[in-house]
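Read through the structure below, which is laid out as structure tokens, and then see the notes.
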Amino acid sequence: MQRILIDTDPGVDDAIAILLALLSPELHIEAITTVCGNVPVTQGTENLLRILAVLDLEEFPCIAQGEARPLVKNLVTAAHVHGEDGLGNISQLRNTDGSPLYPLANTSISSTSGVDLILETVTRYPDELTLVALGPLTNIATAIRKDASKMQRLQTIILMGGAFEEYGNVTTTAEFNIFVDPHAAQEVFQSNVPIDIAPLDATHQVVLTGERLHAETDKRPNRISQFLKDATQSCMEFYRRYVGFWGFHIHDALPIGMLTHPDYFQSVAADVQVETEGTLTNGMTVADLRPERRHPNPNAQVCIKVAAEAFLDHFFKRIARR
């Protein structure tokens with residue numbers, strides 16, 4: 001069993017990734033920390049509690065709230081994609097008696113900061129812990145600034161972020177997580193911690209259409225299925241309007257799949273750098289991904305190919321477990 005800590009800015013694809021992780025017997029989630037990104041961090045923490053409440057858990061991971069703003073830039077959020085609450089506006093849905101359809105989980109938030117919880121968890125499980133980063137890398141960079149040697153005892157950081165041979169999804173050249181805090185990303189890539197990356201080059205290969213989501217969830221009408229349909233409506237409508245299909249890319253689920261089913265993914269070693277100053281390229285991730293190139297000092301493994309149908313089949317099988 002792999003010990004993991006999830007650092008997340010809970011939007012819709014984060015929710016899917018968190019549910020997938022909780023339904024994966026290969027993984028043990030030691031802690032979850034929230035960070036600003038898709039929504040402000042306080043909203044993200046509330047979203048995390050809604051996500052956790054979807055499952056009937058006997059025990060909750062330790063939860064802590066992290067950084068409220070990027071290292072240097074002003075915060076940019078993605079409510080226009082994920083809904084005002086970051087989860088397709090499910091916080092507004094009510095049962096017939098007026099109670100929330102998706103209440104908050106009955107668990108507490110640690111008084112420890114998200115950054116300190118990361119460091120404490122690494123200390124507890126040196127050389128065993130994988131940090132799964134689903135949002136901007138602000139918490140992680142701050143933890144590295146605070147104690148770089150301790151963070152180097154991580155087994156690996158596996159993150160969703162960046163775009164290399166693919167257009168960005170927030171600007172032409174930048175993917176959202178890196179764009180929100182490029183300075184944090186650059187510091188993480190220079191940290192000498194082993195890093196695996198699921199960039200848009202990989203996540204754009206996995207298309208979850210509305211037709212498939214509804215067909216699969218209608219086979220198994222349960223709490224998770226209903227949550228998936230309710231939470232994804234905003235994203236799917238955004239994609240229909242601006243991308244041209246009804247569905248969306250479940251970006252953040254890929255790092256979970258890379259942990260549980262690495263045979264679905266193909267990666268190459270690369271030296272990854274982040275543009276932090278460019279007017280048109282701020283947040284751009286730069287690397288040479290040609291497989292024949294041999295980098296003398298690679299700092300990351302970058303996923304370039306996904307067995308998309310196998311991964312989606314796996315995802316729905318896991319969801320069917322409940």
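Here is a check on your reading of the model: is residue 187 outside any loop (DSSP other than H, G, I, E, B), within 27 Å of residue 36 (Cβ to Cβ) and open to solvent by 10 Å² or more (accessible area, probe 1.4 Å)? Walk me through how you get there before you give the answer.
Numbers: outside any loop (DSSP other than H, G, I, E, B): yes; within 27 Å of residue 36 (Cβ to Cβ): yes; open to solvent by 10 Å² or more (accessible area, probe 1.4 Å): yes.
Yes, satisfied.
Identify all residues within the stretch 63-73 that are in a loop (DSSP other than H, G, I, E, B) and more than 13 Å from residue 184 (Cα to Cα); write none if there are none.
Result: 66, 68.
If you check residue 87 against the conditions, is it open to solvent by 20 Å² or more (accessible area, probe 1.4 Å) and among the aliphatic types (A, V, I, L, M)?
Spelling it out, it is not the case that residue 87 is open to solvent by 20 Å² or more (accessible area, probe 1.4 Å) and among the aliphatic types (A, V, I, L, M).
Under 9 Å between Cβ atoms, which residue pairs at least 6 apart in sequence (or on different chains) link something in the stretch 239-256 that is closer than 29 Å to residue 196 by Cβ and in contact (Cβ under 8 Å) with a residue 24 or more places away in the chain with a partner that is among the basic types (Lys, Arg) and open to solvent by 60 Å² or more (accessible area, probe 1.4 Å)?
247/240
Among the residues of the stretch 215-256, what is the count of those that are of a type in the set (Ser, Thr, Tyr) and over 18 Å from residue 54 (Cα atoms)?
3
What pairs come up if the first residue lies in the stretch 199-211 and is among the small types (Gly, Ala, Ser), the second is surrounded by 17 or more Cβ atoms within 10 Å (Cβ to Cβ) and not in a loop (DSSP other than H, G, I, E, B), and their beta carbons are under 7 Å apart, counting only those six or more places apart or on different chains?
202/254; 202/303; 202/304; 202/306; 210/236; 210/247
From the list 230, 218, 313, 271, exactly one residue is of a type in the set (Asp, Glu), open to solvent by 40 Å² or more (accessible area, probe 1.4 Å), in contact (Cβ under 8 Å) with a residue 12 or more places away in the chain and farther than 17 Å from residue 169 by Cβ. Which is it?
271
Under 6 Å between Cβ atoms, which residue pairs at least 6 apart in sequence (or on different chains) link something in the stretch 121-137 that is over 23 Å from residue 13 (Cβ atoms) with a partner that is open to solvent by less than 10 Å² (accessible area, probe 1.4 Å) and small (Gly, Ala, Ser)?
Close Cβ pairs satisfying both conditions: 121/31.
Kindly establish whether residue 10 is at pLDDT 95 or above, in a loop (DSSP other than H, G, I, E, B), surrounded by 22 or more Cβ atoms within 10 Å (Cβ to Cβ) and touching a Pro at 6+ places or on another chain (Cβ under 8 Å).
no
Which of the residues that make up the stretch 24-44 are more than 15 Å from residue 12 (Cβ to Cβ), touching a residue at least 40 places away in the same chain (Cβ under 8 Å), open to solvent by 10 Å² or more (accessible area, probe 1.4 Å) and not aliphatic (A, V, I, L, M)?
Within the stretch 24-44, 26, 30 meet the criteria.
The values are calculated or read from the model by the stated rules, or taken from the named source; none is laboratory data. All figures in this text were calculated on a predicted structure; none of them were measured in a lab. Neighbour counts run over all protein chains shown; Cβ positions are idealised from the backbone, glycine included. Keep in mind that these areas ignore ligands, DNA and RNA; they rest on the heavy atoms of the full protein, side chains included. Shrake-Rupley method; radii C 1.70, N 1.55, O 1.52, S 1.80 Å.
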